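Input: a single structure, listed below in structure tokens.
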Amino acid sequence: MKRHNLTIACLLALMLVAGEAWGQPELIGNGAFDADTDGWILSPLSPGSLEWSSTQGLPPGALKMVGGQDQVSLPTDCFHFAPGTIFFAADGFMETTGEFIDCGLNLYLYADAADCTGDHGTIPIIGGVSIIPQVETPNQWEHLVLEVPIPDDPSETGVLSFRPVMVKVNDSGGDDACIFDNASLRIVPRTEVPVLSPVGFAALCVLLAVAALAVLRKTGR
């Protein structure tokens with residue numbers, strides 16, 4: 001009975017946090033891709049092209065990355081850390097005729113500038129398990145959510161600014177595509193409700209690890 005009550009309490013807390021996320025202002029200007037991909041670019045290091053698909057999406061109108069083995073699309077806008085929790089979500093589609101490719105969400109984390117310039121890091125795989133949401137089933141739409149808690153003192157993370165990114169990797173032939181629609185970015189202010197998601201907790205550990213690496217780099221260790 002105690003375990004049942006605890007499960008109900010956890011579910012209610014998570015529903016409250018999710019409800020707060022939807023109640024926050026949308027930070028991405030063109031995440032629905034209904035008519036174009038304005039406001040989004042392909043990373044300068046990415047081969048291939050960023051295209052707009054008029055026939056795919058939920059509803060039709062989506063961002064599509066084609067050509068090249070590894071590609072990253074990101075908004076031109078830069079965002080700053082604030083105490084609370086980042087919720088980055090999108091619908092993803094792995095368009096493939098055979099091989100399994102990775103279509104997922106991540107963050108570019110900038111530790112040297114508040115305007116998203118210079119070198120950046122990403123949230124990596126931890127302990128052999130990726131905390132990055134990825135499409136699991138080929139040729140089927142899936143809803144992806146990346147949850148990243150930010151401490152009350154964002155400087156603890158060593159990160160000054162960030163951009164949400166949508167990623168296609170491991171397309172060895174460069175002949176498949178990752179398609180995204182309904183991209184959404186919201187930052188939920190700190191509340192008394194704890195972040196219970198293991199993914200969110202792992203993401204926080206990553207941010208603190210980024211801070212530690214930054215310190216070691218500056219001290220020359």
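The values are calculated or read from the model by the stated rules, or taken from the named source; none is laboratory data. What you are looking at is a predicted structure, and each value in this text was computed from that prediction instead of being measured. Neighbour counts run over all protein chains shown; Cβ positions are idealised from the backbone, glycine included. These area figures cover heavy atoms from the full protein model, side chains too; ligands, DNA and RNA do not enter into them. Shrake-Rupley method; radii C 1.70, N 1.55, O 1.52, S 1.80 Å.
Scanning the stretch 81-140 for residues that are among the small types (Gly, Ala, Ser), open to solvent by 40 Å² or more (accessible area, probe 1.4 Å) and over 23 Å from PHE180 (Cβ atoms) turns up ALA114, GLY118, GLY127, GLY128. Among the residues of the stretch 38-76, how many are small (Gly, Ala, Ser), touching a residue at least 60 places away in the same chain (Cβ under 8 Å) and open to solvent by 30 Å² or more (accessible area, probe 1.4 Å)? The number of residues fulfilling the criteria is 1.
Considering PHE93, PHE87, PHE79, which residue is within 19 Å of LEU146 (Cα to Cα), touching a residue at least 40 places away in the same chain (Cβ under 8 Å) and in contact with a helix residue (DSSP H, G or I) (Cβ under 8 Å, 6 or more places away or on another chain)? So that I can check it myself, show each step before the final result.
Working: PHE93 fails: in contact with a helix residue (DSSP H, G or I) (Cβ under 8 Å, 6 or more places away or on another chain); PHE79 fails: in contact with a helix residue (DSSP H, G or I) (Cβ under 8 Å, 6 or more places away or on another chain).
Residue meeting the stated conditions: PHE87.
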